[in-house]
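Before we start, here is the structure in question, set down as structure tokens.
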Amino acid sequence: MPIRLPLFALLVMLLTGCAAVSKSEQNLLEDTLDTYSSVIRWSNFEEAVTFIDPATLKAHPISKLDLERLNQVRVTSYNAQPARNTGEHEVRQIVEIGLVNVNTQSARSVIDRQAWRFDAKEKRWWLVSGLPDITVR
């Protein structure tokens, strides 16, 4: 009997989280995450910049040096956990990205903790966490 209350509370929390994103927003999210993952898998970081929230870009512009650093690696894998709702019109996703340095051929991986928000006016999802930080070990 005492186990039922925590299970019920967990179920309510999960269902409440599901309601934070409408069906149309969910479809757009899936399309956006699929397209973004494809862009990253092809190591097309210039195109990936177009997914970043304009406010994030204004606060943290992507420099030419940043893009040059990103172009020193090739993406070898992109393993995403399912996106989860974190608030109204907000989701987070954790992705492990495998990388190979094009100069040294050394391989490693980084964890990219993505935060996305839905812009109802633009009818699109924006990446608010920025591009993956490939300098993290």
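What follows is calculated from the coordinates using simple rules that are stated; it is not laboratory data. On a predicted model such as this, the values are computed, not experimentally measured, just so you know. Every residue, glycine among them, receives a Cβ derived from its backbone with ideal geometry; neighbour counts consider all protein chains shown.
Enumerate the calculated ³J(HN,Hα) couplings along region 28-38 in order (Karplus 6.51 cos²θ - 1.76 cosθ + 1.60, θ = phi - 60°), each rounded to whole Hz, writing x wherever the residue is Gly or Pro.
Ordered by residue, 3J(HN,Hα) equals 5, 4, 4, 4, 5, 5, 5, 5, 4, 4, 5 Hz.
What net charge do the residues around Val91 carry, taking every other residue with its C-beta under 15 Å from that of Val91, with Lys and Arg at +1 and Asp and Glu at -1?
Summing Lys and Arg as +1 and Asp and Glu as -1 gives -3.
Counting other Cβ atoms within 10 Å of each Cβ, which GluC sites (Glu not before Pro) in region 61-137 have at most 12 and sit in a DSSP loop?
Glu88, Glu122
To the nearest 20 debye, what charge dipole does region 21-127 have about its Cα centre, counting +1 at the Cβ of each Lys and Arg and -1 at the Cβ of each Asp and Glu?
Using only the charged Cβ atoms, the result is roughly 180 debye.
While we're on this one: Residue by residue, what Karplus-based ³J(HN,Hα) values in Hz, rounded to whole numbers, does region 106-113 have, using 6.51, -1.76 and 1.60 with θ = phi - 60° and x for Gly and Pro?
7, 10, 6, 9, 10, 9, 10, 9
While we're here: Rounded, prolate or oblate, given the Cα gyration tensor of region 21-127, with a/c below 1.5 counting as rounded?
prolate
Turning to a different aspect of this structure: Val128's amide H: which non-local residues (gap 5+, or another chain) put their own amide H closer than 5 Å, with H modeled 1.01 Å from N in plane and none for Pro or chain starts?
Under 5 Å from the amide H of Val128: Asp53, Ala115, Trp116, Arg117.
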